[in-house]
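A short write-up of the structure that comes next.
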Amino acid sequence: MRVLSIDVGTSNTVAVLSVSGQQPRVVEVDGAATMPSAVYADEDGVILVGRDAERQARMDPTRFEPTPKRRIDDGALLLGGSVVPVTDALAAVLRRVLDETVRQLGGALPDEFRLTHPARWGAPRRNTLMSAARLAGMTGNIVLVPEPVAAAAHFNRLAPGSSLAVYDLGSGTFDVAVVAASPQGFTVLAEDGLPDLGGTDMDQLLLEYVGRQVSNRDAAKWQLLLRPESTADRRAQRALIEDVRAAKEALSRHPQTVVPMPEPFADVTVTRPELEALIRPSLTRTVELLSSTIAASGVHPMSLAGIYLVGGASRMPLVGTLIGDRLRVTPASLDQPETAVALGAHLVPRDGVTIRTRVTAPAAPQYPTTGDFMAGAQFPQLAASAPVPQKRASKATLVTLGAIVLVALVVLGGFLVASPSRFPSAAACAGTPASPDDKGFTNCTRQLAGPVADQGDCHGGDDGSGVAVTGLADVTCHIDGQTVVYTQTGSLDEVNVKVRALMDAYPNTTRVRAQWKGNGLSGEYQAVAASGVGVVVFTVSDRPLVGVLTAPATGDPTSLTAAKAAAAFERSVQPGT
């Protein structure tokens, strides 16, 4: 069994390979444990990745994107004159790692892939990551793992009921989460983050400080370093940025260091106290968020199994000092915190992650062991500052509040009694289908369709415009130039027979097969591509439902692959969580 875990960071990507009988090891790309997540589109539209992209950025920075993960909601990137879908940019990063792994395995593909992501990501972002993985050529089973859960698994094998906090300060973002162990795996009790703060922001503060020391010598030359106009200027700027970053990292180990400067500027000596004065306000924000997230989780800081530091920027000594001063807990770290998430992803059991969707009082924390993976849930933030003196409410105020609460409970109670369950049960979908609605959906097929039921042009029956599996109740939907047919049959056995017959019609073709989850359902999908048409068949594990997506090629028919068809399903048809 060969398992490849990839932590696609905002600025750097780390991969870890586990082969049966051997210890997991970091996959070095270009001789380093971390690979820049940067991408560069050349004039021919070829996407370069990592250090190759950074080198080319000196020639034409307009074609360069250093942090494509941060642009995941944008849909596409404008790199020079090329419009590059975000999925293609992320796929290029994943493909570079996969190619190096396959080379080290002597040509063999991994059997399973584990991709980490921020716990705050909802279904659309996770689907984008999954689509990128398929485009990259990952044809095996793909497991998505929240980053704090992977970090927690790496640092500490928690006993059920215990919990720890993960402080993740990377190059581009800051994330924090409290993770508890449950009998089934791990539960994210609370999480939050700062998308606008990371190690590169600390680099910028230090660069501005250095500029204040030297720019008075030649203000015009300094402006050319900040806003280069020529190839020589861009090279000088790139070298200076790298030297500033190296100086920041050196100050984590030494009390002072020197930043080498290009002509005509003199080298600048920087001390650790000077750097800490610059970055203290930013790091204070992270520690305050750590404190409030722990409070929101309902766990007292002293009851945690530990506070663990992840991400290269967490090496700065001031991080540990501020956490200790605020929470009276000494955090723990590793020699290489950049690799903790990728290493820990191997230790997380499949389907062993839940995220709590409501927070109880801090004095009585609870650790749910079941429930849907609601990665997009929002959590209330409880300030961990000094207690605010409470005024005693008047009797009239209490009576008024009591009346309001009573009315609210009566109204809510009536609503709860009158409202049906959000989704039908598996048993309800096993019998004769209920009468369809005005679009042809039964309650069961509407749950499988998710947003497509409302966003697409849908009508009852199979109109022959796409590939279909006929059954007791059929609905055809047209959306984004694609056709989806949803069917409810009589039994799971009937579904299996029909799906097998459909897929047998595509012999000797590459097939993508993976698990999916969303809208209270889970199951499997299979994707193929033939004659310029992609076909994706998706089924539900515990009820006789099946959907078939037909996705025609939009350009060259030969460019359509099973992976692209799978990506189309994950992007626009798979129901969200």
Ala529 vs (1) buried (at least 21 other Cβ atoms within 10 Å of the Cβ); (2) small (Gly, Ala, Ser); (3) more than 19 Å from Ala468 (Cβ to Cβ): all pass except (3)
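Yes or no, residue by residue, for (1) within 17 Å of Val29 (Cα to Cα); (2) touching a residue at least 24 places away in the same chain (Cβ under 8 Å); (3) not assigned by TED's automatic domain parsing to the domain that holds Asp7:
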position	(1), (2), (3)
Arg63	no, no, no
Val84	no, yes, no
Leu90	yes, yes, no
Val93	yes, yes, no
Arg96	yes, yes, no
Leu105	yes, yes, no
How do the strands (runs of 3 or more DSSP E) wholly within region 79-184 filter down when requiring 1 or more residues that are over 30 Å from Pro301 (Cα atoms): which remain?
82-85, 112-117, 141-146
Considering only region 195-238, state which residues are polar (S, T, N, Q) and either closer than 21 Å to Met59 by Cα or in contact with an Asp or Glu (Cβ under 9 Å, 6 or more places away or on another chain) (or both).
Gln223, Ser230, Thr231, Gln237
Candidates Ala468, Ala514, filtered to the one that is closer than 30 Å to Val145 by Cα and not charged (D, E, K, R)
Ala514
Hits in region 548-563 - residues which are assigned to a strand (DSSP E or B) and in contact with a helix residue (DSSP H, G or I) (Cβ under 6 Å, 6 or more places away or on another chain):
Leu549, Ala551
Residue that is surrounded by the fewest Cβ atoms within 10 Å (Cβ to Cβ) [pool: residues in region 429-468 that are farther than 11 Å from Leu545 by Cβ and of a type in the set (Ser, Thr, Tyr)]:
Ser435
Quick check: is even one residue across region 558-568 closer than 18 Å to Ser131 by Cα, of a type in the set (A, V, I, L, M) and over 23 Å from the mean Cα position of the chain (by Cα)?
yes
Is it the case that some residue within region 482-489 is buried (at least 16 other Cβ atoms within 10 Å of the Cβ), part of a helix (DSSP H, G or I) and of a type in the set (Ser, Thr, Tyr)?
no
Count - residues of region 46-78 that are charged (D, E, K, R), closer than 29 Å to Leu17 by Cβ and not in a helix (DSSP H, G or I):
1
Scan of region 547-577 for residues that are of a type in the set (Val, Ile, Thr) and at pLDDT 85 or above, ordered by number:
Val548, Thr550, Val573
Which listed residue, of Ala123, Ala133, is outside the structural domain of Ser182 (by TED's automatic domain parsing), free of Cβ contacts under 8 Å to residues at least 60 places away in the same chain, over 20 Å from Gly170 (Cα atoms) and of a type in the set (Gly, Ala, Ser):
Ala133
Mind listing just one residue for me: the one in region 111-125 that is surrounded by fewer than 23 Cβ atoms within 10 Å (Cβ to Cβ) and over 12 Å from the mean Cα position of the chain (by Cα) and, of those, farthest from Leu347 (Cα to Cα)?
Asp111
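Every residue, every condition in (1) within 30 Å of Thr284 (Cβ to Cβ); (2) crowded, with 22+ Cβ neighbours inside 10 Å, yes or no:
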{"position": "Ala89", "(1), (2)": "no, yes"}
{"position": "Asn127", "(1), (2)": "no, yes"}
{"position": "Gly140", "(1), (2)": "no, no"}
{"position": "Leu144", "(1), (2)": "no, no"}
{"position": "Glu147", "(1), (2)": "yes, yes"}
{"position": "Ala165", "(1), (2)": "yes, yes"}
{"position": "Ser171", "(1), (2)": "yes, yes"}
Lone unmet requirement of (1) touching a Phe, Trp or Tyr at 6+ places or on another chain (Cβ under 7 Å); (2) closer than 22 Å to Gly576 by Cα; (3) surrounded by fewer than 24 Cβ atoms within 10 Å (Cβ to Cβ) for Val214:
(2)
Conditions (1) touching a residue at least 24 places away in the same chain (Cβ under 8 Å); (2) of a type outside the set (Lys, Arg); (3) out of contact with any strand residue (DSSP E or B) (no Cβ under 7 Å at 6 or more places or on another chain); number of the one not met by Glu229
(1)
Could you list all residues from region 234-248 that are buried (at least 17 other Cβ atoms within 10 Å of the Cβ) and either at pLDDT below 85 or not β-branched (Val, Ile, Thr) (or both)?
Arg234, Ala236, Gln237, Leu240, Asp243, Arg245, Ala247, Lys248
Among the candidates Thr509, Thr539, which residue alone is assigned to a loop (DSSP other than H, G, I, E, B), assigned by TED's automatic domain parsing to the domain that holds Ala449 and touching a residue at least 24 places away in the same chain (Cβ under 8 Å)?
Thr509
Would a scan of region 94-103 turn up a residue that is buried (at least 23 other Cβ atoms within 10 Å of the Cβ) and modelled with pLDDT under 90?
no
Taking Lys564, is it in contact with a strand residue (DSSP E or B) (Cβ under 7 Å, 6 or more places away or on another chain), of a type in the set (D, E, K, R), closer than 25 Å to Val86 by Cβ and in contact (Cβ under 8 Å) with a residue 40 or more places away in the chain?
yes
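The values are calculated or read from the model by the stated rules, or taken from the named source; none is laboratory data. All values reported here derive from a predicted model rather than from experimental measurement. Positions of Cβ are generated from backbone atoms using ideal geometry, with glycine treated the same way; all protein chains shown enter the neighbour counts.
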